[in-house]
2 protein chains.
Amino acid sequence: MEDYEAILDRVLGILTTGQDPTKNPTSEIKPTVRPVTSSSAIPVGLSNRHVHLSDQAVAKLFGTGHRLTPMKDLSQPGQYACQECVTLCGPKGVIEKVRVLGPTRSETQVEILQGDTFKLGVKGTIRLSGDLTDTAGITLVGPKGSLELEKGVIVAQRHIHMLPQDAERFNVRNGEIVSIKISGIRGGTLDNVAIRVDEKAGLECHIDTEEGNAFGLTPKSTVEIIK
Amino acid sequence: MEDYEAILDRVLGILTTGQDPTKNPTSEIKPTVRPVTSSSAIPVGLSNRHVHLSDQAVAKLFGTGHRLTPMKDLSQPGQYACQECVTLCGPKGVIEKVRVLGPTRSETQVEILQGDTFKLGVKGTIRLSGDLTDTAGITLVGPKGSLELEKGVIVAQRHIHMLPQDAERFNVRNGEIVSIKISGIRGGTLDNVAIRVDEKAGLECHIDTEEGNAFGLTPKSTVEIIK
């Protein structure tokens with residue numbers, strides 16, 4: 001194993017999934033056996049404000065037939081940041097250059113920070129992604145048009161993505177609400193963190209940049225579940 | 001007591017100091033007797049980025065002989081926001097319209113948010129006000145000149161101002177480090193909160209806007225000490 005990239009992949013695989021990616025899990029790890037690692041550290045993913053667009057919204061804002069241009073893969077498989085940005089316009093102010101994330105979704109969703117709600121003059125309901133009932137609307141502006149949304153503005157509820165084997169290891173189930181502990185000079189705990197278990201989801205705790213800054217976190221930080 | 005302002009003063013006095021301001025404390029409350037209220041709620045004061053200037057810094061940035069113009073009293077007695085603003089200039093970016101707080105101090109101090117440290121490219125050491133040893137420098141720009149500081153940039157360590165009778169009531173002492181509990185949908189706890197006891201200090205927990213937003217706080221929010 002002279003290939004450093006392969007070694008790195010192996011180490012990262014063990015750290016993030018608790019399994020050695022160079023071993024065949026069906027032969028090496030039986031369903032009843034826990035993953036080899038016992039680390040309780042969960043990597044942090046820090047989210048800034050962003051939007052998810054429907055196909056119709058892409059057509060309205062960027063022109064009929066426009067396809068989003070992937071720029072950078074995100075940690076969750078299949079998700080990517082796009083070259084495209086939009087402007088958010090509320091009754092009290094605007095925020096320019098807000099990143100579009102792909103791929104498109106069935107409903108357009110605008111995820112902002114708590115501080116943005118004051119600047120825009122728009123209510124930001126604390127919600128998990130996709131739960132848009134009774135959320136505020138906002139106007140999006142792109143290079144080819146604008147779009148007045150009746151709903152879709154949320155401040156993301158903090159959550160932890162994990163694979164089923166992580167859920168077993170941490171003794172939690174999909175939808176469960178836990179607290180997380182953060183160490184350091186700005187340490188503390190955050191309550192009301194939702195567990196999201198998915199076959200394709202890498203282990204990562206998603207919080208926004210205001211939450212991250214309040215706790216002095218960096219992209220290398222980790223958190224721990226407390227129940 | 002038909003005067004509503006007097007009634008409001010009395011209610012606020014009781015809420016913030018635990019004492020009725022219309023009563024004479026020397027005759028009504030003996031030193032060994034606790035204040036009448038048993039509420040554990042501590043009002044929150046949310047601080048945005050700001051600067052404290054020395055007399056020399058005021059002269060350099062706003063011109064010789066310039067005196068700061070008070071605009072709005074702050075909750076801590078004798079402190080006020082000024083009409084004057086400055087621009088913060090770091091190696092990676094600038095932040096305009098940063099409020100000056102008065103009165104002037106012996107040393108110039110720049111209090112920024114964790115998020116500002118990335119934008120400016122300046123390190124923000126977590127410190128209590130006045131503790132500026134080994135902190136980063138920055139350049140301040142005003143209408144009449146600029147000033148390159150060798151040190152003075154901090155991200156404020158969260159702290160609770162209180163009167164000696166509050167300290168007795170909460171069973172804490174000056175300089176003690178406690179945690180605070182915050183309720184609500186974004187609730188949790190913040191560790192490493194310093195107690196600052198002063199004869200003139202109104203009861204208030206000072207945290208910055210990123211910490212406040214992370215916990216969904218408003219100027220009407222309260223926190224609770226946990227030890």
Tell me, which residue of segment A:66-86 that is free of Cβ contacts under 8 Å to residues at least 12 places away in the same chain and farther than 17 Å from residue A:54 by Cβ is surrounded by the fewest Cβ atoms within 10 Å (Cβ to Cβ)?
A:72
So in segment B:156-206, with the set limited to residues that are assigned to a loop (DSSP other than H, G, I, E, B) and within 12 Å of chain A (Cβ to nearest Cβ), which one is farthest from residue A:114 (Cα to Cα)?
B:157
Among residues of segment B:157-177, those that are within 26 Å of residue B:135 (Cα to Cα) and surrounded by 17 or more Cβ atoms within 10 Å (Cβ to Cβ), counted:
6
Quick check on my filter: what residues within segment A:127-151 are small (Gly, Ala, Ser) and either assigned to a loop (DSSP other than H, G, I, E, B) or out of contact with any helix residue (DSSP H, G or I) (no Cβ under 8 Å at 6 or more places or on another chain) (or both)?
A:129, A:130, A:136, A:137
Checking B:137, B:90 in turn, the sole residue that is among the small types (Gly, Ala, Ser), at pLDDT 95 or above, outside the structural domain of residue B:214 (by TED's automatic domain parsing) and in contact with an Asp or Glu (Cβ under 6 Å, 6 or more places away or on another chain) turns out to be B:137
If a residue must be within 14 Å of another protein chain (Cβ to nearest Cβ), among the charged types (D, E, K, R), surrounded by fewer than 20 Cβ atoms within 10 Å (Cβ to Cβ) and not in a loop (DSSP other than H, G, I, E, B), how many such residues does segment B:99-126 contain?
1
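The values are calculated or read from the model by the stated rules, or taken from the named source; none is laboratory data. Keep in mind that this is a model prediction, so the values were computed, not measured. Positions of Cβ are generated from backbone atoms using ideal geometry, with glycine treated the same way; all protein chains shown enter the neighbour counts.
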